[in-house]
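The values are calculated or read from the model by the stated rules, or taken from the named source; none is laboratory data. The structure presented is a predicted model; accordingly, all values stated were derived computationally and were not measured. So basically every Cβ, Gly included, is an ideal-geometry build from the backbone, and we count neighbours across all protein chains shown.
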Amino acid sequence: MSALLEVRDLTKRFGGLEALADVSFSVAEGTIVGIIGPNGAGKTTLFNAVTGFFKPDRGRVSLRGRDITGQPPHRVCAQGLARTFQLSRPFPQLTVLQTVRIGAMNRISDLASATARAEEVLAFVGLAHKRDQLGLHLTVIERKRLELARAYATGPALLLLDEVVAGLRPNEVQDMIVLVRKIAAQGVTILLIEHVLEAVMSVSSHLIVLNYGRVIAEGPPSELARHPDVIAAYLGKAYHA
């Protein structure tokens, strides 16, 4: 499998704090890759640097071999890289359909065609019955699905998911895992940050572990569950046991 995303020596500083330090990894096309690590490890900063919300101080990000380092988010999205955010904040005065249509119009300029794409995506994520509801009135799981739908509607080759199951009940977590797998089955490569270990371990074929802004390990979940540095930094002895 060829690399869809390549990150090389990515570094980001905030004053005297080095939030990312020479982070390097690649994501193969057609895979689901998880990023784990303790709070403050730099995971969301990494997403922000990859997607153009932060300009890195050093390093390179390439998508399909094309350098996208430091490009603004709308250009990054237009090239096939979409993301969700840790906190789902739908436009309160827009309907579910209108919100997803905004995502669809990343690639589709015709309003009728963008509406049709949005309706297709809403059916896919299980929100068709909420199409005319205002985002303000959605439940937590519905907001998560809407956030995912808006990103998926852009037609991404690579989708970055930031804690997509955070705050969900166990049955909702399982439902979201099923949805993520359904999206991957449509040919979308997925890179996700997740603290719910059961979720990220079950859905990912490969894991990247961050700690203090550095990659300390990467590999299959079964191997990393036994990796001493990962256990010490994040999983803990109880998980290993």
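Quick notes
- Qualifying residue in the stretch 86-98 (condition: at pLDDT 95 or above and crowded, with 23+ Cβ neighbours inside 10 Å): yes
- Residues that are touching a residue at least 40 places away in the same chain (Cβ under 8 Å), buried (at least 21 other Cβ atoms within 10 Å of the Cβ) and more than 12 Å from THR95 (Cβ to Cβ), drawn from the stretch 126-147: LYS144, GLU147
- Here GLY59 fulfils each of the conditions (1) surrounded by 14 or more Cβ atoms within 10 Å (Cβ to Cβ); (2) within 24 Å of VAL196 (Cβ to Cβ) apart from (2).
- Residue match in the stretch 200-213 (condition: buried (at least 19 other Cβ atoms within 10 Å of the Cβ), in contact with a His (Cβ under 9 Å, 6 or more places away or on another chain) and farther than 28 Å from ILE108 by Cα): yes
- The residue that is farthest from ASN39 (Cα to Cα), counting only those in the stretch 182-241 that are among the hydroxyl-bearing types (Ser, Thr, Tyr) and modelled with pLDDT of 85 or more, is THR189.
- Residue tally, condition crowded, with 17+ Cβ neighbours inside 10 Å, on the phi < 0 side of the Ramachandran plot and in contact with a helix residue (DSSP H, G or I) (Cβ under 9 Å, 6 or more places away or on another chain), over the stretch 148-174: 17
- Residues of the stretch 4-41 that are at pLDDT 95 or above and of a type in the set (Gly, Ala, Ser): ALA19, ALA21, SER24, SER26, ALA28, GLY30, GLY34.
- One residue stands out among those in the stretch 148-159 that are out of contact with any Leu (no Cβ under 7 Å at 6 or more places or on another chain) and in a loop (DSSP other than H, G, I, E, B): the one that is nearest to HIS74 (Cα to Cα), which is THR154.
- Just one of the listed residues (ARG107, ARG117, ARG58) is over 29 Å from GLU142 (Cβ atoms), over 17 Å from the mean Cα position of the chain (by Cα) and not aromatic (Phe, Trp, Tyr), and it is ARG58.
- On the stretch given as the stretch 101-121, residues that are within 22 Å of HIS74 (Cα to Cα), of a type outside the set (Val, Ile, Thr) and either surrounded by 15 or more Cβ atoms within 10 Å (Cβ to Cβ) or touching a residue at least 60 places away in the same chain (Cβ under 8 Å) (or both) total 9.
- Any chance ARG66 is surrounded by fewer than 18 Cβ atoms within 10 Å (Cβ to Cβ) and over 25 Å from VAL180 (Cα atoms): yes
- Out of ALA41, ALA21, one residue alone is under 24 Å from TYR234 (Cα atoms) and assigned to a loop (DSSP other than H, G, I, E, B). It is ALA41.
- Qualifying positions in the stretch 212-234 - basic (Lys, Arg) and within 23 Å of the chain's Cα centre (by Cα): ARG214
- Reported count of residues in the stretch 52-106, each being part of a loop (DSSP other than H, G, I, E, B), basic (Lys, Arg) and farther than 18 Å from LEU191 by Cα, is 2.
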